[in-house]
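What follows is a set of notes on a single structure, which appears directly below.
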Amino acid sequence: MDARFVGIPELVEAPSVAVVVDVMRAFTVAAWAFAQGAEKIVLAGSLDEALALKEQHPDWVALKDGPAAPGFDLVNSPGLLRSVDLGGRTVVQKTTAGTVGALAVKDASLVLCASFVVAEATARVLRGSDTVTFVVTGEDGQADEDLACAQYIARRATEDGTDVAGFVRRAAESRAATELAEGVREGVHPDDVALCLEVDRFPFAMVAASDGPLMVLRPRTVPPVTEESAPATRAGRPAC
């Protein structure tokens, strides 16, 4: 597999297969939302769009970065979200980097949104892909927590025995982790960093696709690769 790692500003054309990585915290939060029962997540392009969608659909749950704000139900924190019942609900998510990155590759044939909590399932979807573009969303492509996760997923897509410890260590020592731990960012729970560093907590990948005028994220459960199925998965189409 030919893996490319780029920041959002480097995207000049739609890739064939894109993995948009935001570890701290957009796509850790998205995974938790699905675990808490959300049916789908609408990725909004702006705060105004998120509020407009909420106004049109009062039963939807609006979520944003930073502190609580009028019109929004939740903030972008896995620690705060894990106690919320989202059974059957639609979530509208707008964040600084993750949702921006996903919308930037909306014309790709396959868009996966990822973090450590869904790393293995994401890697299994990618097995058999020829070329994959990993969008490192944080810090214009320099965020080490996102790059470490992207590199780990890329390695897992081609190798079975990859040790995750070094990749998680890099993420734990990143600028984002430090800022979250020290309370520099708002809308934070004390457990957010630890929750973002959990590996393979959830058994699904997250696939974003156009649904009318909206970009919608949905979970896709990926069966474990068995010894019998592994060769076909690697040689043929991505497991999905």
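Taken together, the values in this text are just the output of simple stated rules run on the coordinates, not laboratory data. Please read these numbers as outputs of a predicted model, since none were measured by experiment. For neighbour counting, all protein chains shown are included, and Cβ atoms are generated from backbone atoms with ideal geometry for every residue, glycine included.
Figures for the structure shown
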| item | result |
| --- | --- |
| Reciprocal mean inverse distance between Cα atoms of the stretch 52-117 - Kirkwood radius, Å | 13.4 |
| Cβ crowding within 10 Å averaged over residues, with 24-36, 192-204 ranked highest first | 24-36, 192-204 |
| Charged-residue dipole, Cβ positions (Lys, Arg, Asp, Glu), the chain about Cα centre, Debye nearest 20 | 460 |
| For the chain, projected area of the alpha-carbon convex hull averaged over all directions, nm² | 12.1 |
| For the stretch 1-134, the fraction of alpha-carbon pairs in successive 5 Å shells from zero, as % | 2, 11, 20, 22, 20, 13, 9, 3, 1, 0 |
| Listed residues Gln151, Pro213, Val193: farthest to the positive end of the dipole of the chain (Cβ charges) | Pro213 |
| Phi-based couplings in Hz for the stretch 57-72 (Karplus 6.51, -1.76, 1.60; Gly and Pro marked x) | 10, x, 7, 6, 10, 9, 9, 9, 5, x, x, 4, 8, x, x, 9 |
| Helical mean residue ellipticity (222 nm; -39500 (n - 2.57) per DSSP H run of 4+; nearest 500) of the chain | -8500 deg cm²/dmol |
| Over the chain, relative contact order from alpha-carbon pairs under 8 Å, at least 6 apart, % | 30 |
| Listed residues Ala114, Leu126, Leu53: farthest to the positive end of the dipole of the chain (Cβ charges) | Leu126 |
| Distance between the stretch 183-226 and the stretch 1-66 - C-alpha centres, whole angstrom | 9 |
